[in-house]
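Working notes for the structure below.
The values are calculated or read from the model by the stated rules, or taken from the named source; none is laboratory data. From a predicted model like this one, the values you see are computed outputs, not experimental measurements. Cβ: placed from backbone, ideal geometry, glycine included. Neighbour counts: every protein chain shown. These accessible areas exclude ligands, DNA and RNA; they are computed on the full protein's heavy atoms, side chains included. Shrake-Rupley method; radii C 1.70, N 1.55, O 1.52, S 1.80 Å.
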Amino acid sequence: QVQLVESGGGLVQAGGSLRLSCEASGRTLGTCWFRQAPGNEREFVSAINWSGSSTYYADSVKGRFTISRDNAKNTVYLQMNSLKPEDTAVYYCAVTFSRAPAQAVGGMKPDYWGQGTQVTVSS
């Protein structure tokens, strides 16, 4: 059983930045970030493979968000820059016990989910 704890969410003005963290209770492999806005389905945001050597992004965040990891800290980060009101959502991290590249990880059903952290971007 792996527990995931997200942090770093909050309220920010459009154009601002936030960095989300996802700390795991143990070692993890492929990790993704998803988000869900009110009334919308949960959508994929970004993925990173077990070593951090490959990353993958949804088109809506490409060039603005950066995913990274520190395996010594069992933590995955999501740096979010140039935030837009449409980025407002609850952000979830999820892990998949696979050594596949990030793009493949992004299409897999995660094994564990975090509880989510709210990101609100005001216009």
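For the pair Ala37 and Ala14, the difference between a 0.36 nm per residue extended length and the Cα-Cα distance amounts to 6.6 nm.
Percent of accessible area on the chain owned by carbon and sulfur, 1.4 Å probe?
For the chain, the apolar C and S fraction of the accessible surface comes to 46 percent.
For the chain, the Cβ-based charge dipole about the Cα centre amounts to some 240 debye (Lys, Arg positive; Asp, Glu negative; other atoms uncharged). Ligands, DNA and RNA aside, Glu6 has an accessible area near 10 Å² when probed at 1.4 Å. Once the 1.4 Å probe is applied to the protein heavy atoms, the chain comes out at 50 Å² accessible per residue. For a paramagnetic label modelled on Ala104 (point 7 Å from Cα along Cα→Cβ), amide N atoms under 15 Å away belong, within the range 26-48, to 29-31, 48. What is the calculated FRET efficiency for Gln115 to Gln79, with r their C-beta to C-beta distance and R₀ = 22 Å, to the nearest 0.05? Once rounded, the FRET efficiency stands at 0.60.
Protein-only accessible surface at a 1.4 angstrom probe places the residues Met80, Met108 in the order Met108, Met80, largest first. Please report the spacing between the Cα centers of the range 69-85 and the range 1-50 in Å, no decimals. For the range 69-85 versus the range 1-50, the Cα centre distance is 8 Å.
For Val90, the accessible surface of its heavy atoms amounts to roughly 40 Å² (probe 1.4 Å, protein chains only, rounded to the nearest 10). The amide H of Gly10, built 1.01 Å from its N in the peptide plane, has Val119, Thr120 as neighbours under 5 Å, considering only residues 5 or more places off or on other chains. Cysteines in the chain lacking any other cysteine Cβ under 4.7 Å from their own Cβ: Cys32.
List the lysines whose alpha-carbon lies under 25 Å from that of Lys84, not counting same-chain residues fewer than 8 positions away? Answer for Lys84, where 25 Å is the Cα cut-off: Lys62, listed by chain and number. In order along the range 49-59, the Karplus-derived 3J(HN,Hα) couplings, from 6.51 cos²θ - 1.76 cosθ + 1.60 at θ = phi - 60°, round to 7, 5, 9, x, 7, 9, 9, 8, 9, 5, 4 Hz, and Gly and Pro are given as x. Each label point was placed 7 Å from the Cα along the Cα-to-Cβ direction; for Ser122 and Gln1 their separation is 4.0 nm. Heavy-atom accessible area for Phe44, with the other protein chains in place and a 1.4 Å probe, reaches approximately 40 Å². Positive end of the dipole of the chain (Cβ unit charges, origin at the Cα centre): among Leu18, Asn71, Val119, the Cα lying farthest that way belongs to Asn71.
Near the amide H of Trp50, within less than 5 Å, lie the amide hydrogens of Gly30, all on another chain or at least 5 residues away, with H placed in the peptide plane.
Under the criterion of Cα pairs below 8 Å and six or more residues apart, the relative contact order for the chain equals 36 percent.
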